Amino acid sequence: MSISSHQKFELKKFIKDIAPCRGRHTELVTVYVPAGYDLIKVIQQLQEEQGTATNIKSAQTRNNVLDALERMVQHLKVVGKTPNNGLAAFSGNVSGKEGVSDVRVWSIEPPVPMKLRMYRCDKSFVIEPLEELLQSDEVYGLVVMDKRDATIGVLKGKAIILLLKTHSEVPGKFKAGGQSAYRFAQNRDLAAKAHYKKVADYLKDQFLMMDNLKGILVGGPGPTKYELVEGGFITGDVQKKILGVKDIGYTDEFGLGELVDRSQDILIEGELADEKKIVSRFLEYLAKDEAMVTYGIDDTRKALESGAVETLMLSEALDEKVLEDLEEVAKKFGSIVKIISTDTREGVQLRDLGKVAAILRYKSYA
């Protein structure tokens, strides 16, 4: 299940709020409740932990832990039932000053179902499971090769996973004695084609039916990679999935990493494609049919409040309070909301136009 740009923005904002929090000792409470798990059982566990915490020697640490647990218990009672995707909750004294109490509690329903169950009391909140959700769930196929070797893997999030290696029967560049140069060259060519065919078959087996496959990246030294891609060895359905071919120096696991490094332009392009598409649509209207769009906070708010907005675009550079306010107005009128990053040329253009813009449901000449 993919996470929308809006969900990513909300999750990033939540993580940003709690990540700096530090306890003076192991007194910050983290709780993860998996989807479908009984919240009452979690509350009972926390109440048992309150009994255990009374044994902490340091009076200040003991009080802070007990306060954090009590706030958490009360908060979960208010929540009442585990949300559909589970729950991540955090509580503790975050004042940072000796003898000063500032116990707070936060919680969020993850944007996708969470399977993790955790209770931990530490000097900081455990946010790594939430950060992992921000990693792309899309998969990219990777293949690095030359005439002698090929290595196939996948990029999932930030992890490169090796799938298989294969080696060709292509002889070296120097022929054996007594063999004609023509016959030797012919044998090398036949062996190379067999190698390409084998690699192409592996690509079909590994990637044709792979879930969430965004595309395939191909790399290697010299012209061999182009001979594979352009030589008719790869079936049409797999060929359509090839996003780019890069010149790299290695054909082993290190080569997979080098291919990913050299393909950042393609990877970023893919991740931001939807954002670029919607902003490009807005800019096209702006150039050819300006009555179908609006931009700037004041004009866009007026269009929102009149129910005229089909799609609202909010730059992530926008002030958070303004963003949330406009988002609430959009929800009342069923407008689509898109949070736009500044990592593309189109995103920068939106930022420079006032950070807020909209495509309208109908033409407006106001």
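The values are calculated or read from the model by the stated rules, or taken from the named source; none is laboratory data. In this text, all values refer to a predicted model and were calculated from it rather than measured experimentally. Here Cβ is always computed from backbone atoms with ideal geometry, including for glycine, and neighbour counts include all displayed protein chains.
In segment 249-266, the residues that are surrounded by fewer than 18 Cβ atoms within 10 Å (Cβ to Cβ) and among the hydroxyl-bearing types (Ser, Thr, Tyr) form no Cβ pair under 9 Å with any partner that is assigned to a loop (DSSP other than H, G, I, E, B) and modelled with pLDDT of 95 or more, whether six or more places apart or across chains. Consider segment 329-348 and keep the residues that are in a helix (DSSP H, G or I) and at pLDDT 90 or above. The one that is surrounded by the fewest Cβ atoms within 10 Å (Cβ to Cβ) is LYS332. Exactly one residue out of ILE340, ILE297 is under 21 Å from LYS13 (Cβ atoms) and in contact with a Gly (Cβ under 6 Å, 6 or more places away or on another chain), and it is ILE340. Checking each residue in segment 226-248 for being farther than 14 Å from GLY141 by Cβ and surrounded by 15 or more Cβ atoms within 10 Å (Cβ to Cβ) picks out GLU227, PHE233, ILE248. Among the residues of segment 71-83, is there at least one that is over 30 Å from ASP274 (Cβ atoms) and touching a Cys at 6+ places or on another chain (Cβ under 8 Å)? No - not one qualifying residue is present in segment 71-83. Residues of segment 1-23 that are part of a loop (DSSP other than H, G, I, E, B) and farther than 16 Å from PRO111 by Cβ: ALA19, PRO20, CYS21, ARG22, GLY23.
Considering the conditions (1) farther than 30 Å from ALA291 by Cα; (2) surrounded by 14 or more Cβ atoms within 10 Å (Cβ to Cβ), ILE278 is excluded by exactly one of them, (1). Being over 13 Å from ARG301 (Cβ atoms) and touching a Phe, Trp or Tyr at 6+ places or on another chain (Cβ under 6 Å) is the filter here; which residues of segment 317-366 pass it? Hits for segment 317-366 are ILE339, LEU353, ILE359. Restricting the first member to segment 36-50 and to residues that are in the same structural domain as LYS77 (by TED's automatic domain parsing) and within 12 Å of TYR119 (Cα to Cα), and the second to residues that are exposed (fewer than 14 other Cβ atoms within 10 Å of the Cβ) and not β-branched (Val, Ile, Thr), no beta-carbon pair is closer than 6 Å while six or more apart or on different chains. Of everything in segment 284-309, what is touching a residue at least 24 places away in the same chain (Cβ under 8 Å), closer than 20 Å to THR342 by Cβ and part of a helix (DSSP H, G or I)? Give them in sequence order. Of everything in segment 284-309, those that are touching a residue at least 24 places away in the same chain (Cβ under 8 Å), closer than 20 Å to THR342 by Cβ and part of a helix (DSSP H, G or I) turn out to be ILE297, THR300. MET118 satisfies every condition listed in (1) in contact with a strand residue (DSSP E or B) (Cβ under 7 Å, 6 or more places away or on another chain); (2) crowded, with 18+ Cβ neighbours inside 10 Å; (3) not acidic (Asp, Glu) except (2). Taken together, the residues in segment 198-223 that are surrounded by fewer than 19 Cβ atoms within 10 Å (Cβ to Cβ), touching a residue at least 60 places away in the same chain (Cβ under 8 Å) and not in a strand (DSSP E or B) amount to 5. Scanning segment 224-264 for residues that are in contact with a Ser or Thr (Cβ under 7 Å, 6 or more places away or on another chain) and part of a strand (DSSP E or B) yields GLY244, LYS246.
From the list ILE15, ILE3, ILE56, the lone residue that is among the β-branched types (Val, Ile, Thr) and modelled with pLDDT of 90 or more is ILE15.
Among all residues of segment 355-365, there is none that is of a type in the set (S, T, N, Q) and under 29 Å from the mean Cα position of the chain (by Cα). Just to be sure before I move on: is THR26 modelled with pLDDT under 95, in contact with a strand residue (DSSP E or B) (Cβ under 9 Å, 6 or more places away or on another chain) and not in a helix (DSSP H, G or I) in the structure I sent? It is true that THR26 is modelled with pLDDT under 95, in contact with a strand residue (DSSP E or B) (Cβ under 9 Å, 6 or more places away or on another chain) and not in a helix (DSSP H, G or I).
Evaluated against (1) closer than 25 Å to GLN7 by Cα; (2) buried (at least 20 other Cβ atoms within 10 Å of the Cβ), ILE297 falls short on exactly one condition, (2).
Among the residues of segment 310-322, those identified as touching a residue at least 24 places away in the same chain (Cβ under 8 Å) and either exposed (fewer than 13 other Cβ atoms within 10 Å of the Cβ) or over 19 Å from ASP274 (Cα atoms) (or both) are LEU318, GLU320, VAL322.
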